[in-house]
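Comments concern the structure below.
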Protein chains: 2
Amino acid sequence: MNRGEDLIHTVEVCFTPKLYPEILTKENFIVVLVDILRATTTICTAFENGVKKIIPVSSPDEARELKTQGFLVASEQDGKKLDFADFGNSAFSFTRDKIEGKTLVYCTTNGTRALEMAKDAKTIAMGAFINITALTKWLVRQNKNVVILCSGWKNKFCLEDSIFAGALTEALLANNGFTACCDSAEAALDLWSLAKDDLPGYIEKAAHRHRLKKLGLDEVIPYSFTPDLTGVVPVYNGKEILNYTMNE
Amino acid sequence: MNRGEDLIHTVEVCFTPKLYPEILTKENFIVVLVDILRATTTICTAFENGVKKIIPVSSPDEARELKTQGFLVASEQDGKKLDFADFGNSAFSFTRDKIEGKTLVYCTTNGTRALEMAKDAKTIAMGAFINITALTKWLVRQNKNVVILCSGWKNKFCLEDSIFAGALTEALLANNGFTACCDSAEAALDLWSLAKDDLPGYIEKAAHRHRLKKLGLDEVIPYSFTPDLTGVVPVYNGKEILNYTMNE
């Protein structure tokens, strides 16, 4: 028997970036960043539509500066596109004709905060319902522990990221080589078990959904909860996000 | 129609003390502190058995100092009683013959951290399954918003406190005067809906339960998940914990 095949890796779930410093997983791990509404869904969409790479930045000022240098820029605050930017963060605006082969500077409220928080991790993959199966297969091949980091909403717990964490945990556990290592992962699995048979109905009650509706931005919601629309696995290497499946 | 009767108060759930600074509820609120295994269950037990008041302290050193001054002292670290203390935090050790009419100094790992964190709240009530109905009735009478603060485990999310948060949210919502105001409350309600028909079975998977088993301290677990063993409502006023139902 090959000893390597017996190795069990852990799956840990972190409900908000603020809890990231408390994670139990200390070594040999990959972080999966989750911001279903909308950063990670949008980043997957951009790669599906041919973007070359994405440079995440942490402040609108930095995004504005890079715009003056000629970059395509996506920048939003509290769900609204900023005036100087080419895009907000609606997945639907990143069409192939606008972004294919281009480098995109991307600034978001929640996603960037989480990327900053987890920058000690060498590899941060972008997780969304639209790439969940491709991501799962890629993670299984990495032979590492997995920490699923939910972006949440202003550092608070949010339902949509948490149920995705449950869906991804379930998919990893189905591969035998993984075990859930904390109560958060158990809770995420349970929430996903309640949500999965009627995702649109379940997500109706998520507070963030109501915020998007108020802003008139809820057209991306059915799309954001549709599994496997793309095979991309965008990965952040500490500097830029590349589509790992295209680059390995 | 009496306008006062129409007022709706919010129920917010905070899964760990570390997330307390992010709560949405800003005014006119009561915090309910939850540490099912074991601080709040034990504090309720002590009042049921006649303790006069409890002084919470934040460090074993402080507890040791008060022991030399003649106080009865409960002090544990990571679930184990410290050598100088009269009690650890097993509910079963706080028997009437030992504590009736006495003042108790109480130091715990999780509970005290949460009390410190929420000290801006004027009133912090102690919540446990063993006093849930008495607590609910008392909260309904206060005419305030409610923030349920789970102690968690070393600042991480834990299942047993979260399902209690769901149980208490459900009980408050059944009174019409309350509404859940965040995704955490919705998630807690959902976890409770999965747990309530088989609480012992559900709690088997909680990581902390396994830690207690390892320490040989799991004899309090069935007790800690039994509803309504007492009518006490211990309340912290920023200095000491008193049984509010006995003092109003």
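The values are calculated or read from the model by the stated rules, or taken from the named source; none is laboratory data. Just so it is clear, the structure is predicted and the values come from calculations on it, not from any experiment. Every residue, glycine among them, receives a Cβ derived from its backbone with ideal geometry; neighbour counts consider all protein chains shown.
Tell me, yes or no, whether region B:129-143 has at least one residue that is on the phi < 0 side of the Ramachandran plot, touching a residue at least 24 places away in the same chain (Cβ under 8 Å) and within 13 Å of chain A (Cβ to nearest Cβ). No - not one qualifying residue is present in region B:129-143.
From A:Asn89, A:Asn49, which residue is more than 14 Å from every other protein chain (Cβ to nearest Cβ), closer than 30 Å to B:Tyr20 by Cβ and touching a helix residue (DSSP H, G or I) at 6+ places or on another chain (Cβ under 6 Å)?
Of the residues listed, the single one that is more than 14 Å from every other protein chain (Cβ to nearest Cβ), closer than 30 Å to B:Tyr20 by Cβ and touching a helix residue (DSSP H, G or I) at 6+ places or on another chain (Cβ under 6 Å) is A:Asn89.
For region A:155-169, indicate whether the set of residues that are crowded, with 18+ Cβ neighbours inside 10 Å, on the phi > 0 side of the Ramachandran plot and either within 14 Å of chain B (Cβ to nearest Cβ) or at pLDDT below 95 (or both) is non-empty. Yes, the conditions are met somewhere in region A:155-169.
Can you say whether B:Ala185 is within 13 Å of another protein chain (Cβ to nearest Cβ), touching a residue at least 12 places away in the same chain (Cβ under 8 Å) and within 25 Å of A:Ser193 (Cβ to Cβ), as far as the supplied structure shows? Judged against the criteria, B:Ala185 is a match.
Summed over region B:184-193, the residues that are touching a Ser or Thr at 6+ places or on another chain (Cβ under 8 Å) and not small (Gly, Ala, Ser) give a count of 3. Taking region A:96-120 as the range and being more than 17 Å from the chain's Cα centre (by Cα) and of a type in the set (Ser, Thr, Tyr) as the test, only A:Thr103 passes.
Taking region B:1-25 as the range and being at pLDDT 90 or above and either out of contact with any strand residue (DSSP E or B) (no Cβ under 8 Å at 6 or more places or on another chain) or among the β-branched types (Val, Ile, Thr) (or both) as the test, the residues that pass are B:Ile8, B:Thr10, B:Val11, B:Val13, B:Thr16, B:Lys18, B:Pro21, B:Ile23, B:Thr25.
Evaluating B:Lys144 against the criteria (1) over 19 Å from B:Thr230 (Cβ atoms); (2) surrounded by 24 or more Cβ atoms within 10 Å (Cβ to Cβ) leaves one unmet condition, (2). Residues that are more than 11 Å from every other protein chain (Cβ to nearest Cβ), outside any helix (DSSP H, G or I), out of contact with any Pro (no Cβ under 8 Å at 6 or more places or on another chain) and buried (at least 16 other Cβ atoms within 10 Å of the Cβ) within region B:190-234 comprise B:Leu217, B:Leu229, B:Thr230, B:Gly231, B:Val232, B:Val233, B:Pro234, listed in sequence order. A Cβ distance below 6 Å, combined with a sequence gap of six or more or placement on separate chains, defines the contacts here; from region B:6-30, residues that are more than 10 Å from chain A (Cβ to nearest Cβ) reach residues that are surrounded by fewer than 21 Cβ atoms within 10 Å (Cβ to Cβ) and among the charged types (D, E, K, R) in the pairs B:Pro17/B:Arg113; B:Asn28/B:Lys144; B:Phe29/B:Lys144; B:Ile30/B:Lys144.
Of the residues making up region A:76-103, those that are hydrophobic (A, V, I, L, M, F, W, C) and farther than 19 Å from A:Ser224 by Cβ are A:Leu82, A:Phe84, A:Ala85.
Considering each residue of region A:154-189, count those that are among the β-branched types (Val, Ile, Thr) and part of a helix (DSSP H, G or I), and give that number. Count: 2. Taken over region B:176-220, the criterion of being over 17 Å from B:Val13 (Cβ atoms) and among the basic types (Lys, Arg) is satisfied by B:Lys205, B:Arg209, B:Arg211, B:Lys213, B:Lys214. For region A:85-107, a residue qualifies if it is farther than 16 Å from A:Arg38 by Cβ and in contact with a Pro (Cβ under 9 Å, 6 or more places away or on another chain), and exactly one does: A:Val105. Among the listed residues B:Phe129, B:Phe87, identify the single one that is closer than 20 Å to B:Glu48 by Cβ and either touching a strand residue (DSSP E or B) at 6+ places or on another chain (Cβ under 7 Å) or surrounded by fewer than 20 Cβ atoms within 10 Å (Cβ to Cβ) (or both). Of B:Phe129, B:Phe87, the one residue that is closer than 20 Å to B:Glu48 by Cβ and either touching a strand residue (DSSP E or B) at 6+ places or on another chain (Cβ under 7 Å) or surrounded by fewer than 20 Cβ atoms within 10 Å (Cβ to Cβ) (or both) is B:Phe87.
Among the helices (runs of 4 or more DSSP H) contained in region B:83-150, which hold 3 or more residues that are at pLDDT 95 or above and within 21 Å of B:Ala46 (Cβ to Cβ)?
B:96-99, B:132-142
When you look at B:Ala114, is it touching a residue at least 40 places away in the same chain (Cβ under 8 Å), small (Gly, Ala, Ser) and surrounded by fewer than 24 Cβ atoms within 10 Å (Cβ to Cβ), yes or no? Criteria not met by B:Ala114.
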